[in-house]
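Here the structure is laid out as structure tokens; the discussion comes afterwards.
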Amino acid sequence: MTDYTVKTVARLSGVSVRTLHHYDEIGLLRPAHIGANGYRYYGREELLRLQQILFHRELGMPLAQIAAVLDAPGFDRAAALRAHRERLCERMARSRDLIETIDATLAALEGVTKMDETKMYKGFDPETQARHEAWLTERYGGGMDDRVAQSKAGLAAMGAPAAQALFAQGEALEAEFARALEAGAPADSEATQALARRWCDWIAQAWNRAPDRAAFEGLSRLYEEHPEFRARYEARCAGLTEYLGAAMRVFAGRELA
């Protein structure tokens, strides 16, 4: 049986060494054994378990729930893989629809074709959007409806291609925050605060208004409280949710009125 070091597993899976250490600490993914040199070593069984962790993480499942699923008596790895495949096929179909929407919108903007308004929103997930909006209203009150409407109006005014580009910028910034965390940069460091400033500017575009101190701090806590946001950030890097939230609150205290 081949043993793999934590660095090798990180390279094979794309999961950072820091995250693998975190998975070990919380009991989600233990190494097969610890060598005399103190190194963690993983075998085939651990690699297969990590694959399951990543599949469940792709579905937005919190780590504690993933552990409960994988450790449940009678867990069937093959059945889980079939279920993952079905969900991924559904996601692929939705992605194809989104790509078609982007292509159709670009063609209309460039004057190649006329846009069919009935197909402008093909592929978007109204159920997820509605769920997020309902959570915000329940958590923060009815006044949130007006803010959501303002944000949606701003995104609609941008047009689909510009909105997609904005979302891509947000994902790129999330990745930069993850790299800063893995590099050990404190949340209040100059480099991380520069990222927080760019994040604030990005939020202003997404919201169609500049956030004040209370709003930016509130958003940081929303990330920490909402299970889907937490799952998203922890999927990038263990501890990213709290790191991003701390960076935002430092920035808000220093820079926002």
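The values are calculated or read from the model by the stated rules, or taken from the named source; none is laboratory data. All figures in this text were calculated on a predicted structure; none of them were measured in a lab. Because the Cβ atoms are built from the backbone with ideal geometry, glycine has one as well, and the counts that use them run over all protein chains shown.
From the list MET61, MET1, the lone residue that is crowded, with 17+ Cβ neighbours inside 10 Å, modelled with pLDDT under 90 and in a loop (DSSP other than H, G, I, E, B) is MET61.
Quick check, is ARG82 under 18 Å from the mean Cα position of the chain (by Cα), more than 20 Å from ARG236 (Cα to Cα) and not assigned by TED's automatic domain parsing to the domain that holds GLU228? Spelling it out, it is not the case that ARG82 is under 18 Å from the mean Cα position of the chain (by Cα), more than 20 Å from ARG236 (Cα to Cα) and not assigned by TED's automatic domain parsing to the domain that holds GLU228.
Let's see how each residue does on (1) acidic (Asp, Glu); (2) in contact with an Asp or Glu (Cβ under 9 Å, 6 or more places away or on another chain):
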residue: ASP201; (1), (2): yes, no
residue: TRP207; (1), (2): no, no
residue: LEU219; (1), (2): no, no
residue: GLU224; (1), (2): yes, yes
residue: ALA231; (1), (2): no, no
residue: ALA235; (1), (2): no, yes
residue: GLY245; (1), (2): no, yes
residue: ALA252; (1), (2): no, yes
residue: GLU255; (1), (2): yes, no
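The set of residues from region 22-32 being assigned to a helix (DSSP H, G or I) and surrounded by 14 or more Cβ atoms within 10 Å (Cβ to Cβ) comprises HIS22, TYR23, ASP24.
Here LEU47 fits the description: of a type in the set (A, V, I, L, M), within 26 Å of the chain's Cα centre (by Cα), surrounded by 15 or more Cβ atoms within 10 Å (Cβ to Cβ) and not assigned by TED's automatic domain parsing to the domain that holds ARG232.
Residues in region 200-208: is at least one out of contact with any Lys or Arg (no Cβ under 8 Å at 6 or more places or on another chain) and at pLDDT 90 or above? So far as region 200-208 goes, yes, one or more of its residues are out of contact with any Lys or Arg (no Cβ under 8 Å at 6 or more places or on another chain) and at pLDDT 90 or above. Within region 228-257, residues that are within 15 Å of MET61 (Cβ to Cβ) reach partners that are in a loop (DSSP other than H, G, I, E, B) with beta carbons closer than 6 Å, at six or more positions or on different chains, in the pairs GLU228/GLY60; ALA231/GLY60; ALA231/PRO62. Please determine whether any residue of region 164-187 is touching a Pro at 6+ places or on another chain (Cβ under 7 Å) and either surrounded by 15 or more Cβ atoms within 10 Å (Cβ to Cβ) or modelled with pLDDT of 85 or more (or both). Within region 164-187 (the criterion being touching a Pro at 6+ places or on another chain (Cβ under 7 Å) and either surrounded by 15 or more Cβ atoms within 10 Å (Cβ to Cβ) or modelled with pLDDT of 85 or more (or both)), the answer is no, since none of the residues qualifies. Using the structure shown, decide if ALA196 is at pLDDT 95 or above, surrounded by 17 or more Cβ atoms within 10 Å (Cβ to Cβ) and either part of a loop (DSSP other than H, G, I, E, B) or over 12 Å from the mean Cα position of the chain (by Cα) (or both). Taking the combined requirement at face value, the residue satisfies it.
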